[in-house]
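Derivation of every value follows stated rules applied to the coordinates shown; laboratory data play no part. Source: prediction; values computed, not measured. Cβ atoms come from the backbone with ideal geometry, glycine included; neighbour counts cover every protein chain shown.
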Amino acid sequence: MGVFNRLFKMGQSEAHSLVDKLEDPIKLTEQGIRDLKKNLDESLQAFAEVKALAIRSKREINEYTNQSKNYEQKAMLILKKTQSGGIDAAEADRLAGEALARKADADANAVRTQGDLVKLEANVKQLDTNIKALKSKITHYENELKTLKARAKVSEATKKINKSMSGIDSGSTIAMLEKMKDKVARDEELAEAYGEMADSNKSIDEELDAAINDPEVKASDALEEMKQKMNMNE
């Protein structure tokens, strides 16, 4: 019970400090719930035993009450026999006295047992209240544990994602991308340089052929030839 008071009174600074120092609060909480359930089982057993004692006390009170009535009836019957002469008066007084003494013992036992019953019923009531409170606490702590587990999963996932993002921002992947950009840029520049070198290495014949085969010259010649055919130059 002390563990849970420290664990779940989160509003207290001492509890905050304790929880911060816990290596695994989920396992500690699970152990605390197991301890509470063990206490609950023990309380239920004690509750059953005390209730059984209360039931027995009620039965004994009924037995003592019946004994008292029985001895009283016997004393009355014996005294009546003296009236009919069926028994000596002195003997009747002795036997009736014994019966009444037994009746008194039965009455005393009934009163004593009734006192025990009152205490037992008070104990039964108190145990019942404690058991209900313990069940409620177990349910509450089990719900707290579910929430704690869910939060732990979310925080763990978030931590992994943030750690991954932090790793990217720290330079490893971005640095590789920058290197790739530099390499591509250098390759493009190198290709352009080779192109310029190829143009500068053309022979005179290649330059002449290129000039003769100029598309603009060919187009002009074709246009002139078409005009002549259509007699448009006159």
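List of remarks:
- ³J(HN,Hα), Karplus 6.51/-1.76/1.60, whole Hz, each residue of the stretch 131-136, x for Gly, Pro: 5, 4, 5, 5, 4, 5
- Extension gain (nm, one decimal) between Asn70 and Asp187, 0.36 nm per residue minus Cα-Cα: 30.0 nm
- Placing pseudo-labels 7 Å out from each Cα toward the beta carbon at Thr82 and Thr147 gives an inter-label distance of 8.1 nm.
- Rounded to the nearest whole Hz, the Karplus-based 3J(HN,Hα) values (6.51 cos²θ - 1.76 cosθ + 1.60, θ = phi - 60°) of the stretch 40-57 follow the sequence 5, 4, 5, 5, 5, 5, 4, 4, 5, 5, 5, 5, 5, 5, 5, 5, 5, 4, with x at glycine and proline.
- Hz values of 3J(HN,Hα) by residue in the stretch 58-72 - Karplus curve (6.51, -1.76, 1.60), Gly and Pro given as x: 4, 5, 5, 4, 4, 5, 5, 5, 5, 4, 4, 5, 5, 5, 5
- Using the Cβ-Cβ distance between Arg56 and Lys27 with R0 set to 30 Å, the FRET efficiency from 1/(1 + (r/R0)^6) comes to roughly 0.10.
- Residue order for Leu77, Leu117, fewest other beta carbons within 10 angstrom first, comes to Leu77, Leu117.
- Count Lys and Arg as plus one, Asp and Glu as minus one, and take only other residues whose Cβ is under 12 Å from that of Met76; the net charge is then +4.
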